[in-house]
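Read through the structure below, which is laid out as structure tokens, and then see the notes.
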Amino acid sequence: MSTIVEPQSQRLVRAGLQEIFSSIQGEGIWVGKRQIFVRFNACHLKCAYCDTPQRVASAYCEIEQSCGSSEKTLLENPVSVESVLNWIWHFVRQTRHHSISFTGGEPLLYTDFLKSLLPEVVSLLPVYLETSGTQPDKLAEIIDWVNIIAMDIKLPSATGEAMQLENHRQFYQASSDKELFVKLVFSEQTPLSELEAVSEIVTHQRTPIILQPMTSLTTGENTVSAAKIFEVEEFLSARFADVRVIPQTHKMLALL
Ligand code: SF4
């Protein structure tokens, strides 16, 4: 594994990244599509089910040297816009991708960085933003360069944190002219009252609602009973036109 330290001249706009790689999207309505993933360090939330230790900052960004290989290059954090753009080009040249996923952690913690990077990226491939859906003011700074938004609504029964109803509501309204879907991670304990709150946030009946049963942090296996999955699905299908139950498929395939 090689390590790259960037020259000082490229140290203007930078961000802490966990990894850059090419893989298959494992969640949401674009499940199965090939994407380039740019995964940011750090998150302002502490969801109990979080499976990404990268919500905490790391010293190096891991970069897959070629699509599908296990060989990694280490890039010292924080990483420059120029460097990320070069690595995106590196993957774009190798194989066809549907879009570029900006994920985390929480990418919206890095809007200065994204404001420099996204205008360059959006002409290469559609920009796909995976976000907790809790920072509408941050979204407004970059929304002109975003094509697809995968917006979480965080349910207290799954996250262990309080519901951010007003933030989610404003975020949804700010996203409504984009290609948008909503993802709900739910647990065996999720009460119907929390799902009722989703109707207060999602005002368009045709917005796709993706139900993602919570998985075990230790085994990666589903923790929600069939009876609960059907209860949640039936409750939301009575209110929304496009409700789908989709587990994290990349874990089944042992992909990044
Ligand atoms: S928002 Fe995502 S990255 Fe942040 S703690 Fe929750 S699951 Fe983890």
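Laboratory data are not the source of any read-out in this text; all were calculated from the coordinates shown. The structure presented is a predicted model; accordingly, all values stated were derived computationally and were not measured. So basically every Cβ, Gly included, is an ideal-geometry build from the backbone, and we count neighbours across all protein chains shown.
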Checklist entry - Are there trypsin sites (Lys or Arg not before Pro) in segment 24-86 that DSSP puts in a loop and that have at most 10 other Cβ atoms within 10 Å, and which ones? => result LYS46
Checklist entry - Could you state the number of Å between the C-alpha centres of segment 197-256 and segment 152-193? => result 12 Å
Checklist entry - For ILE246 and ARG34, FRET efficiency with R0 = 22 Å and r from the beta-carbon atoms, rounded to 0.05? => result 0.80
Checklist entry - Antiparallel as a % of all DSSP beta bridges within segment 14-252, to the nearest 5? => result 35 percent
Checklist outcome for this item: Ranking THR203, MET151, LEU75 by how far each Cα lies towards the positive end of the charge dipole of the chain (+1 on Lys and Arg Cβ, -1 on Asp and Glu Cβ), the top one is LEU75
Checklist outcome for this item: Hydrophobic long helices for the chain, i.e. whole DSSP H runs reaching 27 angstrom or more by Cα along the axis with Kyte-Doolittle mean at least 1.0, come out as none
Checklist entry - Of the GluC sites (Glu not before Pro) in segment 216-256, which ones lie in a loop per DSSP and count no more than 12 other C-beta atoms within 10 Å? => result GLU221
Item to check | Relative contact order, percent, the chain [alpha-carbon distance under 8 Å, six or more residues apart] | outcome: 18 percent
Checklist entry - Between GLU179 and residues 5 or more places away or on another chain, which pairs have amide H atoms under 5 Å apart, with H built 1.01 Å from N, and which residues are they? => result ILE149
Checklist entry - In vacuo Debye scattering of segment 102-247, one point per C-alpha: log10 I(q)/I(0) at q = 0.12, 0.13, 0.14, 0.16 Å⁻¹? => result -0.50, -0.59, -0.68, -0.86
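Take the eigenvalues of the Cα gyration tensor for segment 58-116, scale each by 5, and report the square roots as semi-axes in whole Å, largest first. Can you show the working numbers first?
Working: eigenvalues 76, 46, 25 Å².
Each semi-axis is the square root of five times an eigenvalue, giving 20, 15, 11 Å.
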Item to check | Principal axis box of segment 113-190, alpha-carbon based, largest edge first, Å | outcome: 44, 23, 21
Checklist entry - If the viscosity is 0.890 mPa s and the temperature 25 °C, what translational diffusion coefficient in µm²/s does Stokes-Einstein give for the chain when Rh comes from Kirkwood over Cα pairs? => result 131 µm²/s
Item to check | Karplus 3J(HN,Hα) series, Hz, for segment 29-34 with 6.51 cos²θ - 1.76 cosθ + 1.60 (x for Gly, Pro) | outcome: 6, 9, 4, x, 8, 6
